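A.B. asks: Below you will find the structure I want to go over with you.
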Amino acid sequence: MHHDTTPEENRALLPAPLRILERSGFGAAAPLFTADLRDADSFERAREVVASHASRLWTEAVREDGGPVDDRPLYWARLTLAARLRSWSPSFPLEAERRAELARLLETASRGITELDFPPGDRWVRVVVTGFDPFHLDGDPECSNPSGAVALALDGLTFPMGERTALVRSALFPVRWTDFEEGMVEEALAPPHGVADAVITLSRGRPDRFDLEVFNGAWRGGGTDNLGQTRTEPVPVSEGPGPEWTRTSLPVEEIVAAVEGPYRVVANTEVVEVPAGGGEPVTRPEGPSEGSSARSGGGGDYLSNEIAYRNTLLRDRLGSRARSGHVHLPKTTRPEEHVDVVEQTRAIVAAALI
C-alpha cells in the first residue's frame, strides 16, 4: 500500500535539511531505523523498535556537547523516521489503527513527552518547560526555533532553591493544529500537573524582548501551520467549551524585577476582544473586559496562545497548584543566536519559582 508523505516530511528532503542532518550526525538515524523496522516480525517488536529509536533521538538532542544547542537535527530526523514508518510494508498484517499507534509513539517518545516524570521525595522542586518545532520553513528551511533550543538546553537542569533542588523536564510540541485538536497538550501535561511546581510553555516572539503573557484567549486566528493548514474558530477543548480567557499564575512582576540581561522582560497584558455588547474587535492594553469574547491573547491567536490557553485551562480544571504561564522568547533563528536567550530564560525559570 502506498502511503503519502506529509508536507513536513517532504521538506526534510530539501538540501538545507539534509545538510543539517549530515553535519549533526543525525543523518544516520533513518537508515538504522529502517533496518531495524525491516527485521520486525510482529507489532510488539515494531513497537519496541519505534520506542527505542524515538527515545534515542531525544537523548541525543538533549546531550550537552559544549556548543550552542540546535533543535533542528531532532526536528528533521523525526520527520525522516516518520516518513520511513509511513511507507513501511511489514511482513505481518498491520491495521491502520496499529500503524497510527506507532506513529503517535514516534512523536511522543522523540519529543520528551514520555520522559515528563520526576523522582519522588520532598527535596525536589519540579518544573516542566516546553518549546515548539521550527516553523515558517518554506521561507527559511534552515530556521531554528529558540523555544525548542531552550527546552532542549534546560532538560535535566538542576539548581538550588533554598534547601531544595529544582529539576527541569522538557518537551517539544509540533506546529500543527491537528495535534492540538487531538489532545496532545492535555495528554502530555495532565500527569505532571499533578506533581509539578511550575509548568512553563515557551515560543518564539518579537525580535527584541521576552514577553510574559498574562492573558490567553480561546480563539484561533487563521495562522498557517507546518502542514499548510489554517484554523479560524474558538479553541476546541474536550469536556466542553472553556472560558474565553485564562490567566497566567507565574509571578510576572517579580520576574520582571528580578531578571536582567541583554533582552527586556515585559509583562504583556494586551489582548484583542469583542466586547460583551458585540461589535468590532478592539485592543485592550490592560486585559479583557468582563463578558468579552477573545480574538487574540497576549500571545496572539496562533499555537503559542493556544498552548498557553490549554496549559492554564488544564491547571484550573485539575485544580493544579503549579505556577503556569507562557513566555514568548526573542525572535532568534540560528543556534548561535540563542546563547543569550538560553541563559536569560534559565533566569526567568528560576525567578518563577521564588
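A.B. asks: Residue pairs, Cβ under 7 Å, 6 or more apart or interchain, first in segment 56-83 and more than 19 Å from Glu337 (Cβ to Cβ), second open to solvent by 10 Å² or more (accessible area, probe 1.4 Å) and polar (S, T, N, Q). List them.
C.D. replies: If the second residue must be open to solvent by 10 Å² or more (accessible area, probe 1.4 Å) and polar (S, T, N, Q), the pairs left are Ala83/Thr5.
A.B. asks: Also: Search segment 112-136 for residues that are within 18 Å of Asp71 (Cβ to Cβ) and among the small types (Gly, Ala, Ser) and pair each with any residue that is in a loop (DSSP other than H, G, I, E, B) and open to solvent by less than 30 Å² (accessible area, probe 1.4 Å) when their beta-carbon atoms are under 8 Å apart and the residues are at least 6 apart or on different chains.
C.D. replies: Gly131/Asp71; Gly131/Asn145
A.B. asks: Another one. Condition test on Arg169, is it under 27 Å from Arg310 (Cβ atoms) and free of Cβ contacts under 8 Å to residues at least 40 places away in the same chain?
C.D. replies: Answer is no for this residue.
A.B. asks: Which condition number in (1) open to solvent by 40 Å² or more (accessible area, probe 1.4 Å); (2) free of Cβ contacts under 8 Å to residues at least 40 places away in the same chain is the one that Arg86 fails?
C.D. replies: (2)
A.B. asks: Looking at segment 35-51, can you tell me whether even one residue there is without any contact (Cβ under 8 Å) to a residue 60 or more places away in the chain, buried (at least 17 other Cβ atoms within 10 Å of the Cβ) and among the β-branched types (Val, Ile, Thr)?
C.D. replies: yes
A.B. asks: Now a separate question. If Ser147 satisfies all but one of (1) out of contact with any His (no Cβ under 7 Å at 6 or more places or on another chain); (2) part of a strand (DSSP E or B); (3) hydroxyl-bearing (Ser, Thr, Tyr); (4) within 19 Å of Leu74 (Cα to Cα), what's the number of the condition it fails?
C.D. replies: (2)
A.B. asks: If you check every pair at least six apart or on different chains, which have Cβ atoms under 8 Å apart with a residue in segment 10-27 that is open to solvent by less than 70 Å² (accessible area, probe 1.4 Å) first and a residue that is outside any loop (DSSP other than H, G, I, E, B) and of a type in the set (S, T, N, Q) second?
C.D. replies: Pairs found: Ala12/Thr80; Leu21/Thr80.
A.B. asks: Another question, then. Hey, which of the strands (runs of 3 or more DSSP E) in segment 175-273, taking only ones fully inside, have at least 3 residues that are open to solvent by less than 10 Å² (accessible area, probe 1.4 Å)?
C.D. replies: Those strands (runs of 3 or more DSSP E) span 198-204, 209-213.
A.B. asks: If you don't mind, another one. Could you count how many residues in segment 115-133 are within 19 Å of Arg310 (Cα to Cα) and open to solvent by 20 Å² or more (accessible area, probe 1.4 Å)?
C.D. replies: Of the residues in that region, 0 qualify.
A.B. asks: Taking the options Arg310, Arg315, Arg334, Arg321, name whichever one is surrounded by fewer than 17 Cβ atoms within 10 Å (Cβ to Cβ) and in contact with a helix residue (DSSP H, G or I) (Cβ under 9 Å, 6 or more places away or on another chain).
C.D. replies: Going through Arg310, Arg315, Arg334, Arg321 in turn, the sole match is Arg321.
The values are calculated or read from the model by the stated rules, or taken from the named source; none is laboratory data. Everything numeric in this text was worked out from a predicted model, so none of it was measured. Because the Cβ atoms are built from the backbone with ideal geometry, glycine has one as well, and the counts that use them run over all protein chains shown. The protein model used for the area step is the full one, side chains on, heavy atoms only, and it has no ligands, DNA or RNA in it. Shrake-Rupley method; radii C 1.70, N 1.55, O 1.52, S 1.80 Å.
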